[in-house]
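Before any comments, here is the structure.
None of the figures in this text is laboratory data; all of them are computed from the coordinates on show. Being a predicted model, the structure only gives us computed values, none of them experimental. Cβ sites come from the backbone with ideal geometry, for glycine too, and all protein chains shown count toward neighbours.
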Amino acid sequence: MRYTIAALVENKPGVLARVASLFRRRGFNIESLTVGVTERDDISRMTIVVSGDEKVLEQVMKQLNKLIEVIKVSDISSGSVERELCLVKVNAPPEKRGELVELTNIFRGRIVDVAKDSFIIEITGDEEKINAFVDLMRGYGIKEIARTGKVAMVRGAKK
């Protein structure tokens, strides 16, 4: 099973390295890790996706809570809004551009750059939507992909 963990941490140099090192030492694989400043400049939010059973989740959360720079750790695997951003650079010969524009619109994406022989398309959504779009674009020839990883937030009032 995949779990999504949100960790509020002090916004200081080296915190990300300590968190990543914790996962490495324990042999846990990070499937996705996003970090950004919160509504407070001195606090960052990490959204971490890990695979494993409930025991792995429990161990990860316990180990994160032991780090001095970690303020709060939460399992937000259910009841949360999850999104990912993806930029896809795809071959766009003149005869295929109309199709690519239509497909981008169907997926509610945006073409953010047009070059002589390619488009860069921005798409946001859940992982399944991103994967479906990327699979569709493979038929046109993908030159490059950049994905943010998952960001998530619990629905409703702030906890």
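Averaging the sequence gap over all C-alpha pairs within less than 8 Å and six or more residues apart, then dividing by the number of residues, gives the range 2-78 a relative contact order of 48 percent. Under 5 Å from the amide H of Lys143 lie the amide H atoms of Lys89, Val90, Asn91, each residue being 5 or more positions distant or on a separate chain, with H modelled from the backbone and absent for Pro and chain starts. Given the options Ser21, Tyr3, Ile130, identify the residue whose Cα lies farthest towards the positive end of the charge dipole of the chain (+1 on Cβ of Lys, Arg; -1 on Cβ of Asp, Glu). With unit charges placed on the Cβ atoms, the residue in question is Ser21. Charged neighbours of Val9, selected by a Cβ distance under 14 Å, balance to +2 (K, R count +1; D, E count -1).
Where nothing but the Cβ of Lys and Arg (+1) and of Asp and Glu (-1) is charged, how large is the charge dipole of the chain around its Cα centre, in debye to the nearest 20?
Taking the Cα centre of the chain as origin, the dipole is about 480 debye.
Rounded to the nearest Hz, the phi-derived 3J(HN,Hα) couplings of the range 75-85 under the Karplus curve 6.51 cos²θ - 1.76 cosθ + 1.60 (θ = phi - 60°) are 8, 10, 5, 10, x, 10, 8, 10, 9, 9, 10, where x marks glycine and proline.
Could you give the size of the charge dipole of the range 2-78 about its Cα centre, using +1 on the Cβ of each K and R and -1 on the Cβ of each D and E, expressed in debye and rounded to the nearest 20?
Numbers: 12 positive and 10 negative charges, 63 e Å.
Value, rounded to 20: 300 debye.
Listed by chain and number, the lysines whose alpha-carbon sits under 18 Å from that of Lys150, ignoring those within fewer than 8 places in the same chain, are Lys129.
Karplus-derived 3J(HN,Hα) values for the range 133-148, using 6.51 cos²θ - 1.76 cosθ + 1.60 with θ = phi - 60°, are 5, 4, 4, 5, 6, 4, x, 9, x, 7, 8, 6, 9, 10, 10, 7 Hz; glycine and proline are entered as x.
Roughly how big is the range 94-159's charge dipole about its Cα centre, with Cβ charges of +1 (Lys, Arg) and -1 (Asp, Glu), in debye to the nearest 20? Walk me through the numbers before you get to the answer.
Values: 13 positive and 11 negative charges, 94 e Å.
The dipole magnitude comes to about 460 debye.
Taking a straight Cα-Cα cut-off under 17 Å and skipping sequence neighbours fewer than 8 places away in the same chain, the lysines within cross-link reach of Lys143 are Lys89, Lys96, Lys116. Which entry in (i) 35, 16, 15; (ii) 24, 22, 14; (iii) 21, 18, 15 is this structure's computed semi-axes √(5λ) of the Cα gyration tensor in Å? After the calculation, the listed value that fits is (i).
Each peptide among 19-26, 60-67 gets the average number of other Cβ atoms lying within 10 Å of its residues, and from highest to lowest they stand as 60-67, 19-26.
The string of couplings for the range 60-72 from the Karplus curve (6.51, -1.76, 1.60, θ = phi - 60°) is 4, 5, 4, 5, 4, 5, 6, 6, 4, 6, 7, 8, 8 Hz, one whole number per residue in order, with x for Gly and Pro.
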